[in-house]
1. Which of the numbered conditions does LYS404 fail, given that it passes all the others? Conditions: (1) in contact with a strand residue (DSSP E or B) (Cβ under 7 Å, 6 or more places away or on another chain); (2) at pLDDT 95 or above; (3) not hydrophobic (A, V, I, L, M, F, W, C).
2. Restrict the check to the stretch 507-520 and report whether at least one residue is surrounded by fewer than 17 Cβ atoms within 10 Å (Cβ to Cβ), more than 20 Å from the chain's Cα centre (by Cα) and not in a loop (DSSP other than H, G, I, E, B).
3. Just one of (1) assigned to a loop (DSSP other than H, G, I, E, B); (2) in contact with a Lys or Arg (Cβ under 9 Å, 6 or more places away or on another chain) trips up ASP539, so point out which.
4. Can you name the condition, by its number, that LEU433 falls short on among (1) outside any loop (DSSP other than H, G, I, E, B); (2) farther than 30 Å from LEU319 by Cβ; (3) within 29 Å of the chain's Cα centre (by Cα)?
5. For THR615, indicate whether it is within 30 Å of GLU705 (Cβ to Cβ), of a type in the set (Val, Ile, Thr) and modelled with pLDDT under 95.
6. Going by the structure shown, is PRO671 at pLDDT 90 or above, in contact with a Phe, Trp or Tyr (Cβ under 9 Å, 6 or more places away or on another chain) and not assigned by TED's automatic domain parsing to the domain that holds VAL545?
7. Are there any pairs with C-beta distances below 7 angstrom linking a residue in the stretch 297-320 that is among the basic types (Lys, Arg) to a residue that is part of a loop (DSSP other than H, G, I, E, B), with the two at least 6 apart or on different chains, and if so which?
8. For the stretch 253-270, indicate whether the set of residues that are in contact (Cβ under 8 Å) with a residue 60 or more places away in the chain and under 30 Å from VAL714 (Cα atoms) is non-empty.
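The values are calculated or read from the model by the stated rules, or taken from the named source; none is laboratory data. Worth saying up front: this structure is predicted, and the values here are computed from it rather than measured. In this analysis, Cβ positions are derived from the backbone assuming ideal geometry, glycine residues included, and neighbour counts consider all displayed protein chains.
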Amino acid sequence: MAKPPPPKPPKTQRPPPGLPDRDTLIKYLRTAGEQDKGDIARAFGLKGEGRRALRDMLRKLEDEGALGKRGRKGFAEAGALPPVGVADVVERDPDGDLYVRLVKAGEDAPLARLAPARGEAVIGAPGMGDRVLVHFDRLETGEYEARLIKKLGQSAHRILGVIRKSNREVRVEPVDRKSKESLVLSFADGEKLKDGDLVLATVGAQAQRYGPKHGKLVERVGREDEPRAASLIAIHSHGIPTGFSPEAEAEAEAAQPPTLQGREDLRDLPFITIDPADARDHDDAVFAHPDPEAKNVGGWIVWVAIADVAAYVRPGTALDIVARDKSNSVYFPDRVEAMLPEVLSNGLCSLREGENRATMAVRMVFNKDGRKVSHRFVRGLMRSAAKLSYEQAQMAIDGNPDDKTGTIVEGILRPLWAAYHCMLKGRLSRSPLGIESDERRVIISAEGEVASITKRASLEAHRLIEEMMVQANVCAAETLEQKKTPLIYRIHDTPSPEKMMALTDFLATLEIPWAKGEAPRTDRFNKLLVETREGPHADIVNEVVLRTQMQAQYNPDNIGHFGLNLQRYAHFTSPIRRYADLVVHRGLIRALGLGTDGLTDQDVKQMKDTAERITFAERRAMAAERDATDRYVAAFLADQVGSDFHGRITGVTRFGLFIRLTDTGADGLIPVSSLGDEFFVHDDRTHALVGERTGARWPLGMPVEVRLREATPVTGGLLFSMLSEPMPADPNAPRLRLGIRRKMDPGRGGPKRGGTPKGVRKGKRR
């Protein structure tokens, strides 16, 4: 027997015709949501005098506070929000929760807390200043909660810019290179400011239809000519949380030095810290010695001691709330926006030389082939025997010790290096991804000026510490898995099929074989990099392989780490500067019964949200650090406009070439319009701009000589002109597809634009 058709939903009843009374109108708007005057009039069947009476009623109810404006013509019940709307992220409370405001709302519209969206892609995680599409839900308390539907981009709600004053107006020019729109401030606001001031401004509610928008001053944040303006701009433009609540500061000040209670005494082990020369916080210390066990001849025992931050930052405290909100420390050339107050980050938590410090340590045993055979975690008390820089340690092991390292070369440093060379065998057999990349180091003088820009040296000391930290992180993930304790993994997905297909097509243009559909493997990538390292295509292949990789992220669901070629991996070694590591520490404390300050049920419940939050914060920090560095570099080169430099093409787009200078690592643009008279087409298959007439090419990775035309410190923008000649046409390259352009270009025989449409006669108008 066939099922009867489902009953049809009842039709929405139209309100009774005629001018409504006050309660009827409010009830209608409560049900219908935001409506403009025309919609309301049509709903009640009003015309002529009825519409005029409705207009007066709406004005009166608005004055009484019963209705609120939504945009230029819309009305809604006061304090009400639509089911779905576009909103700006405008506030962050002390707990780290974000609040949004409806874009076209009046003063009556409330803020809504942005609830975490389950299953939300990490890349879409919103932050301060973002514009989002949200679904509004009214709670039983009467308050509103917003759930993210889509991140729309950077909000126009707040603009960070520089004041430019003239006799006619006061403008705010944005510091963001991507933004072209400036604001005009009132003269009342302008009187408080000077030309060159850095300010935060909002777009005014009465924005003009034509011409620049009117803005309202929020606050003055500094001067564009201040030595440390670059980091200040980066902090404000990316919404980096700064400072600490009074409660968090008080908790940090009340912290006491550690004791042996509940800890194993590790002070007899000669741990040392090896860090950058300018480092102030020391997360990790290392020590190694040969394994005395007869069954492990040639094996090594490696100790990695990590600052026990969990002992001072307890779940649910003010310190924990601010640390979770910040998620990580942000490092600029001239300052650090730390995750924890200085009394902890540079004090009680930092593994200072000669001072007792609480530690979470791991003892790892490796066999002669560099394979880890066992490990155990210890919550202990340690004392660092020496604080060394990477350069100090490397010089000492190379035979040039100083007064400090001379006494520990044989007893501490050489065993460390011997253990590393043993571990290196295991690393080579694992074959993690071996992409090379240069890192810029901006040196700031005592006056806050850029003293120099250099490439960061890559030393064996760096690789030693890196490998020991990697193995400690693996131990943390393995232990938590074995104990079935939830954790936040550091995951790195394999390259997508689309990216692998693009790589295959590109390598084919260089006549380098790579099978289509071949599964991505780190050893295969490494073989490619080794085979091309000494050839003319080394830089471009390295760059393209790097672009093929996915971004790493934090996630409670494990998919492994492709780049390191590890099945499980979790960050454990930097809890002073990363909240992810602190969560892993708490997990180990809970899993191993090492104290009462471990992972809580609440931590477990919100682990997905925490992973998304810290992934977003990491990417935000990377963007802010990169922007600040770009601005410092632009300031450094501002006096060298007109000078010539050697560089390399590191980016090819349809609008121009991105150039990286050899000496400083500075990045800038050459517009395609300045490359000569020829029309250049972007060939994404070969990663090159190709001349339409001659076939001359500007390929990715090509070394070039350029001239600096423009340097703008406030935006970090560099503009170059090309001095080198392009590479000649590649006879083996496929012909460019030019048909579309010729069809659209009237000068090349295609149909002419404009004119009288077909079927329309010309003649006099009557």
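1. The one condition LYS404 does not meet is (2).
2. Yes.
3. (1)
4. (1)
5. Taking the combined requirement at face value, the residue does not satisfy it.
6. So PRO671 fits the description; yes.
7. Pairs found: ARG314/ASP597.
8. Taking every residue of the stretch 253-270 in turn, none turns out to be in contact (Cβ under 8 Å) with a residue 60 or more places away in the chain and under 30 Å from VAL714 (Cα atoms).
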